[in-house]
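Structure record follows, encoded as structure tokens.
The values are calculated or read from the model by the stated rules, or taken from the named source; none is laboratory data. On a predicted model such as this, the values are computed, not experimentally measured, just so you know. Positions of Cβ are backbone-derived with ideal geometry, glycine not excepted, and every protein chain shown enters the neighbour counts.
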There are 2 protein chains.
Amino acid sequence: MSAAVTQENGLDLAHWMQPMLADIEQALSRWVGVEAPEQLGEAMRYAVLDGGKRLRPLLVLAACEAVGGRRDAALRAACAVELIHAYSLVHDDMPCMDNDVLRRGKPTVHVRFGEAQALLAGDALQALAFELIAPAEGEAAQVPAAMQARLCSLLARAAGARGMAGGQAIDLASVGLQLSEDQLRQMHRLKTGALLQGSVLMGAACGETGDATREALAAYGAALGLAFQVVDDILDVVADSATLGKTAGKDAAADKPTYVSLMGLEGARAYADQLAQEAHAALARCGLADTRALAALADQVIRRSH
Amino acid sequence: MSAAVTQENGLDLAHWMQPMLADIEQALSRWVGVEAPEQLGEAMRYAVLDGGKRLRPLLVLAACEAVGGRRDAALRAACAVELIHAYSLVHDDMPCMDNDVLRRGKPTVHVRFGEAQALLAGDALQALAFELIAPAEGEAAQVPAAMQARLCSLLARAAGARGMAGGQAIDLASVGLQLSEDQLRQMHRLKTGALLQGSVLMGAACGETGDATREALAAYGAALGLAFQVVDDILDVVADSATLGKTAGKDAAADKPTYVSLMGLEGARAYADQLAQEAHAALARCGLADTRALAALADQVIRRSH
């Protein structure tokens, strides 16, 4: 994340994030690939560590903080959701999908470790996500079972055919097609939105919340998730590969429908701003005392330059 | 499974299995791929339905029955473990892994639906496994949360880097190498054993059991898991592709170490018999009143001809 700090809501986001990010990195380093066979573990760690903005884990921790939830459960959920994100990138980059060779400025996992190992590393990362959420007895037995079950349910739904994997399948089937705005929104709601919204809901599930709060946080997560994709489409057009740390312009090159191709650049920017306002409006009605970190993360998503 | 029935322990296995298999097929058909985008759902159902001996689900249900556990939880766990097995076959068959075109007598998923869709279908099947185990509130809220959390933990561990995916990674790294019997056993303990043993433990987790019972069932599952692989290696040598429903002789062709290459055919057969005896001995000390179905399933594994 950039050093430019959102201060308008009274929260120094960079200051808030610092210990959160340190905890996330430390936990990921402690949990990922350490008990795996050598090459597999190395590929898993390569895919996850030392890269990424950790937006999804930060959303989990911010939502947990907003509801006054259990930090130990949230840290596990935060890492779990990042593992799902990381595995999806590994598989997405493979030759049979996007065939991308560069990710976060480094060779992609299949370039570095071979396709078979990349496939397995992605598979193992998904399993590990659920292992983190439901640790074996003894390891984190203090997290209530009902919370573990709820987190498992939310993560599985966000990751699967009704979530991320389903969105990727729609994306795959839509190359070269003319999608309506509704169809494009539905694709992205699943492909990137489900896991971002799931992050917020998982953070909230680490505490006690009423239905109205949960619904407002779900609306916040949905708006933020769509905004993220709209900004991604904008950046794919306006930024270069060095800034992005991945291949720029590839959506247009692949003839994929995007918000920019549908609305034009200015139209997409206006839509991103509108979604930011929706996210803030949802926070305003969620009934929680302090949602400043969630608000600042939404602003960060809109303003990010890479 | 064949019509030849193990009757020596007083249980008609075919008769016992019939309603179990009907429930498993019906549940899989109800749960797999139905709310997925069209092509993805089709690929998921193709990978799972109308094929397979359902050994893992039967182990879950038999273990649940032996401990007097909850049938509703066990049916979910049974389907979940089959989805993990099915996804591993889809990914295993892909060109970057075994590059196999025939599975259960049908074209493999990537041949039928393309590589990208096969990759996504496998990913979505793994997520769905965990979704089945931890259903959203309302759907199966009667399964105690502690049971859901325990099932999630067991399944994740059996599927991941310390289980199936880890075993596949060792397998990948061992092609062309001379493995010792210990190394071969460790690979198979993870690659196929972990999920078979996990099936038994998940069935047991659907009820209340003491530590001694759980340990004995774990020993049963470990012996059965190894026996399964030894028999698989034997069949790879002695059976033809039509009987197997998959390409025969491919381990030897790929220069993969097997129990037959290590022990010879007769040695491997003797080892399978010894493992069957270990499985029965474990059942004899588990302290449960009726383990006939588990015993008969172990015999079936040793005797199966396809």
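Taking only segment B:17-41 into account, find how many residues are assigned to a helix (DSSP H, G or I), surrounded by fewer than 17 Cβ atoms within 10 Å (Cβ to Cβ) and within 9 Å of another protein chain (Cβ to nearest Cβ).
Here the count works out to 1.
Under 7 Å between Cβ atoms, which residue pairs at least 6 apart in sequence (or on different chains) link something in segment A:46-62 that is at negative phi with a partner that is crowded, with 20+ Cβ neighbours inside 10 Å and hydroxyl-bearing (Ser, Thr, Tyr)?
A:Arg56/A:Ser199; A:Leu59/A:Ser199; A:Val60/A:Ser199
Scan (1) on the phi < 0 side of the Ramachandran plot; (2) modelled with pLDDT of 95 or more for the single condition B:Gly68 breaks and write down its number.
(1)
Restricting attention to segment B:49-60, report how many residues are surrounded by 24 or more Cβ atoms within 10 Å (Cβ to Cβ) and either of a type in the set (A, V, I, L, M, F, W, C) or not in a helix (DSSP H, G or I) (or both).
Adding up the residues that qualify gives 3.
Helices (runs of 4 or more DSSP H) wholly in segment A:148-207 with at least 1 residues that are surrounded by fewer than 21 Cβ atoms within 10 Å (Cβ to Cβ) and at the interface with chain B (Cβ under 8 Å from one of its Cβ atoms) - which ones? Step through it out loud before you land on a result.
Details: elements: A:164-174, A:181-188, A:194-204.
Here the list reads A:164-174.
Which is at pLDDT 95 or above, in contact with a Lys or Arg (Cβ under 8 Å, 6 or more places away or on another chain) and small (Gly, Ala, Ser), of B:Gly163, B:Gly114, B:Gly122? Steps first, answer last, please.
Numbers: B:Gly114 fails: in contact with a Lys or Arg (Cβ under 8 Å, 6 or more places away or on another chain); B:Gly122 fails: in contact with a Lys or Arg (Cβ under 8 Å, 6 or more places away or on another chain).
From the options B:Gly163, B:Gly114, B:Gly122, the qualifying one is B:Gly163.
I need a count of the residues in segment B:234-270 that are in a helix (DSSP H, G or I), at pLDDT below 85, charged (D, E, K, R) and more than 16 Å from B:Leu177 (Cβ to Cβ).
Filtering segment B:234-270 down to residues in a helix (DSSP H, G or I) leaves B:234-238, B:241-244, B:250-253, B:259-270.
Next, only the ones that are at pLDDT below 85 stay: B:241-244, B:250-253.
When the remaining residues are screened for being charged (D, E, K, R), the result is B:250-251.
Adding the requirement that they be more than 16 Å from B:Leu177 (Cβ to Cβ) leaves B:250.
Residues in segment B:234-270 being in a helix (DSSP H, G or I), at pLDDT below 85, charged (D, E, K, R) and more than 16 Å from B:Leu177 (Cβ to Cβ): 1 in total.
Can you name every residue in segment A:67-100 that is assigned to a loop (DSSP other than H, G, I, E, B) and either farther than 27 Å from A:Leu294 by Cβ or not basic (Lys, Arg) (or both)? Spell out how you get there, then give the answer.
Of the residues in segment A:67-100, the ones assigned to a loop (DSSP other than H, G, I, E, B) are A:67-70, A:93-100.
Those that are assigned to a loop (DSSP other than H, G, I, E, B) and either farther than 27 Å from A:Leu294 by Cβ or not basic (Lys, Arg) (or both): A:Val67, A:Gly68, A:Gly69, A:Asp93, A:Met94, A:Pro95, A:Cys96, A:Met97, A:Asp98, A:Asn99, A:Asp100.
When only residues in segment B:137-147 that are part of a helix (DSSP H, G or I) and free of Cβ contacts under 8 Å to residues at least 60 places away in the same chain count, which is surrounded by the most Cβ atoms within 10 Å (Cβ to Cβ)?
It comes out as B:Ala145.
Residue check: is A:Tyr46 in a helix (DSSP H, G or I) and under 23 Å from A:Gly160 (Cβ atoms)? Can you show your working first?
Working: in a helix (DSSP H, G or I): yes; under 23 Å from A:Gly160 (Cβ atoms): no.
Against the criterion (in a helix (DSSP H, G or I) and under 23 Å from A:Gly160 (Cβ atoms)), A:Tyr46 does not qualify.
Return the pairs, sorted by first residue and then second, in which the second residue is assigned to a helix (DSSP H, G or I) and acidic (Asp, Glu), the first residue lies in segment A:122-136 and is closer than 16 Å to A:Ala36 by Cα and within 7 Å of chain B (Cβ to nearest Cβ), the beta carbons are less than 9 Å apart, and the residues are 6+ apart or on different chains.
A:Asp123/B:Asp123; A:Gln126/B:Asp123
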